[in-house]
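Inspection log for the structure reproduced underneath, given as structure tokens.
No lab work stands behind these numbers, since they all come straight from the coordinates. Computed from a prediction, not measured in an experiment: that's the story for all the values here. Positions of Cβ are backbone-derived with ideal geometry, glycine not excepted, and every protein chain shown enters the neighbour counts.
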Amino acid sequence: AIGSDAIGSDAIGSDAIGRGATTAAAASPLAASTVQLQPIVLSGLGFPESGGAYSAYTAAFLAGSLLIALAVDDLGVVMAVVGATGSTAVSYILPGAIYWVLHPHPHAMRFAAGAMFAAGVCITPVSLAAILTSHGDS
């Protein structure tokens with residue numbers, strides 16, 4: 001059973017995030033599994049868990065977010081981009097990547113997960129291009 005002990009502050013890093021993860025666990029067992037597996041998957045994909053590289057990634061992400069916030073004057077476009085990238089990542093990219101990392105031996109489901117990941121990687125730029133093209137016309 002998934003509860004607050006399984007996804008407590010020790011596993012996540014802070015009480016606030018732990019409470020949010022516990023709420024997600026109550027809402028969806030899949031969300032709880034994703035929260036628990038995030039450090040495993042990120043380290044499996046080559047992302048650093050701490051240290052200077054982690055700080056550099058975080059600073060680059062925040063700087064990019066600030067530049068976008070300063071450059072965009074239409075919140076609708078921002079929400080469309082967030083929806084296109086976030087929903088594709090949650091629906092295609094992350095499930096495929098998680099399954100791929102957790103099941104290293106070749107089998108049909110692993111290849112299906114790889115295809116799901118690849119589909120997400122293809123859908124994201126197409127969606128972004130459609131959003132930016134339609135915004136440029138208006």
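A few remarks follow.
- Spacing of the two label points (7 Å from each Cα toward its C-beta) at THR133 and MET109, in nm: 3.8 nm
- Once both labels are positioned 7 Å from their Cα atoms along Cα-to-Cβ, the gap between ALA118 and THR58 label points is 3.6 nm.
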